Amino acid sequence: MNLRYEFILLITLLTLVPGCGSSEMLDSEGLASPESALEQFTRASQLYYRGRLTAALDEFNGVIYRYPDSPLASDARLAVRRLESDLSGEELQEHSSVDSHISARIAVVGRPAVNSSILSVAGAIRTMGAGVTEITDEQAPALTVVFYDQGQDQVAELVADSLGRWLSRPETIACRPGDELIGAVASGYDVLVIVGSDAVFASSL
């Protein structure tokens, strides 16, 4: 079932729970007070439907960290994943005019064992408007990292930030100058993305 419809169904059910619709449990904005897992989940859902995605994300995370043993924690994790996707989509729309003009030549490199990950990362980077080539190299490092040639630091940081959104591990991607390494591994390219065996995708790209 689509997550948006799940939220609608859940909100409908919550209004049937005794006390959930009580004005005593609402703040001045008409939002549920986060005094229990159920109330915080309700508050997060209300914020979601009001279009306050960042605030909703914070509240869903609150359910996860304050009430890890609650049956609602797994639903909150699902909601967090969806909200992070929604927020990433907004960021991509905001930067689309920049992304569509990336002129840097990008090589995505990894060992043959991670070839499917190489293809997934390359495909995702192409959606940013960049020219990408996939390269397999048995000697490639096992750690995911981004190297850049002189003057390509902004493009490399954008790619590294995007990788951080696409991957659940590692959570942050190192971004380093690497003129000599690029010349040796992928001569003629501006940015070298190494996809290591540590790369775990948050979702299918």
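Each value in this text was obtained by applying a stated rule to the coordinates, not by laboratory testing. Bear in mind that the values here come from a model prediction, so they are computed numbers and not experimental data. Backbone-built Cβ (ideal geometry, glycine too); neighbour counts: all protein chains shown.
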Wholly inside the range 161-205, strands (runs of 3 or more DSSP E) that include 3 or more residues that are under 26 Å from the mean Cα position of the chain (by Cα) and over 21 Å from ASN115 (Cβ atoms) are 174-177
Would you call LEU167 of a type outside the set (Gly, Ala, Ser) and touching a Ser or Thr at 6+ places or on another chain (Cβ under 8 Å)? yes
I'm told ASN115 meets every condition in (1) in a helix (DSSP H, G or I); (2) under 20 Å from the mean Cα position of the chain (by Cα); (3) in contact (Cβ under 8 Å) with a residue 12 or more places away in the chain except one. Can you identify the failing condition by its number? (2)
Quick check on the range 161-181: of everything there that is of a type in the set (A, V, I, L, M) and either touching a helix residue (DSSP H, G or I) at 6+ places or on another chain (Cβ under 6 Å) or buried (at least 21 other Cβ atoms within 10 Å of the Cβ) (or both), which residue is nearest to GLU84 (Cα to Cα)? LEU167
Determine which member of the set LEU181, LEU163, LEU143, LEU192 is under 27 Å from LEU78 (Cβ atoms) and not basic (Lys, Arg). LEU163
